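First comes the structure, then the notes that go with it.
Nothing in this text is a laboratory measurement; each read-out follows from the coordinates by a stated rule. Since the structure is predicted, the reported quantities are computational estimates derived from the model, not experimental observations. As a convention, Cβ positions derive from the backbone with ideal geometry for all residues, glycine included, and neighbour counts pool all protein chains shown.
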Amino acid sequence: MTTIYDELRASHASQRRLCGSLVRTQAKNRERREEVMRELRIELAAHAAAEERYLYVPILMFDMGLDPSRHALSEHHAIDELVEELQELDPSGEAWGAKASELVHKVRHHLKEEETKFFQVSGKLLSDAQKVRLAGQYRKDYERMLGVVAER
Ligand SMILES: [Fe+2]
Ligand SMILES: [Fe+2]
């Protein structure tokens, strides 16, 4: 059975792939930078929204889930701000590369912390049936949100 964690890890794999592509882009190829950045922006925003709704909201109801969910949501917000800052920079300009590395560093740190800490804590709070049900709910909302954030 597919659980919420299988779905979340699949999104994390796309994010890691896109982060790798982003840092490999070159200043002389601004279209490529814009294209990878757009894909990463959409993936990050759709994943964060659906993950907040179908992983962090359910565990927020438990005392043990309070700290991890607050921490994760604050990191999602910090990542959003870095995306916005990067979008304001010129992709062929000097500051872009450093800001892109900062974003990638933050994303990689966040994924690792979720996979090594928050998934474990939440795994103890959610029932097996919930983990399976949340997988479907996550996937549906994530796919819908891909369309919503692409319009932004
Ligand atoms: Fe997250
Ligand atoms: Fe995540």
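Points to keep in mind about this one:
- Remark: region 18-25, residue by residue, has Karplus-estimated 3J(HN,Hα) of 5, 4, x, 5, 4, 6, 8, 5 Hz, where x stands for each Gly or Pro and the curve is 6.51 cos²θ - 1.76 cosθ + 1.60 at θ = phi - 60°.
- Taking the Cα centre of the chain as origin and assigning +1 to Lys and Arg Cβ atoms and -1 to Asp and Glu Cβ atoms, the resulting dipole is close to 480 debye.
- Extension gain for the segment Lys117 to Leu89, taken as residue separation times 0.36 nm less the Cα-Cα distance, is 6.7 nm to one decimal.
- Over the chain: helical MRE at 222 nm, DSSP H runs n ≥ 4 each giving -39500 (n - 2.57), nearest 500: -27000 deg cm²/dmol
- Set of region 1-35 residues, backbone N closer than 19 Å to the point 7 Å along the Cα-Cβ line of Arg152: 11-12, 14-16, 18-19, 34-35
- Measure of compaction for region 87-144 (Cα Rg per 2.2 N^0.38 Å): 1.68
- Of the trypsin sites (Lys or Arg not before Pro) in region 1-34, the ones in a loop by DSSP (not H, G, I, E or B) with at most 10 other beta carbons within 10 Å are Lys28.
- Exceedance of the 32 Å cut-off in Cα-Cα distance is limited, within the set Lys117/Lys140; Lys28/Lys117; Lys99/Lys124; Lys106/Lys140, to Lys28/Lys117; Lys99/Lys124.
- Across the alpha-carbon set of the chain, the Rg to Rh ratio works out to 1.00, Rh being the Kirkwood radius.
- Coupling constants for region 65-80 follow from the phi torsions by the Karplus curve (6.51 cos²θ - 1.76 cosθ + 1.60, θ = phi - 60°), and in residue order they are x, 5, 4, x, 5, 4, 4, 5, 5, 5, 5, 4, 5, 4, 5, 4 Hz; glycine and proline get x.
- Applying the Karplus relation 6.51 cos²θ - 1.76 cosθ + 1.60 with θ = phi - 60° to region 53-64 yields 3J(HN,Hα) values of 6, 10, 10, 7, 4, x, 7, 4, 6, 9, 4, 5 Hz, where x marks Gly and Pro.
- Extension gain, Arg108 to Glu81, is 8.2 nm, computed as 0.36 nm per intervening residue step minus the present C-alpha separation.
- By the equivalent-ellipsoid construction on the alpha carbon gyration tensor, region 22-93 comes out with semi-axes of 32, 11, 8 Å, ordered largest to smallest.
- Part-to-part distance (alpha-carbon centres) for region 5-47 and region 61-92, which is given in Å: 16 Å
- Within the chain, the longest run free of GluC sites (Glu not before Pro) that sit in a DSSP loop with at most 11 other Cβ atoms within 10 Å is 1-87.
- Label-point separation in nm, Asp128 to Glu52, each point 7 Å along Cα→Cβ: 3.3 nm
- Shown is the FRET efficiency for Glu143 and Asp6, computed with R0 = 25 Å from the Cβ-Cβ distance and rounded to the nearest 0.05: 0.95.
- Annotation for region 1-105: chymotrypsin sites (Phe, Trp or Tyr not before Pro) lying in DSSP loop with at most 15 further Cβ atoms inside 10 Å of their Cβ are Phe62.
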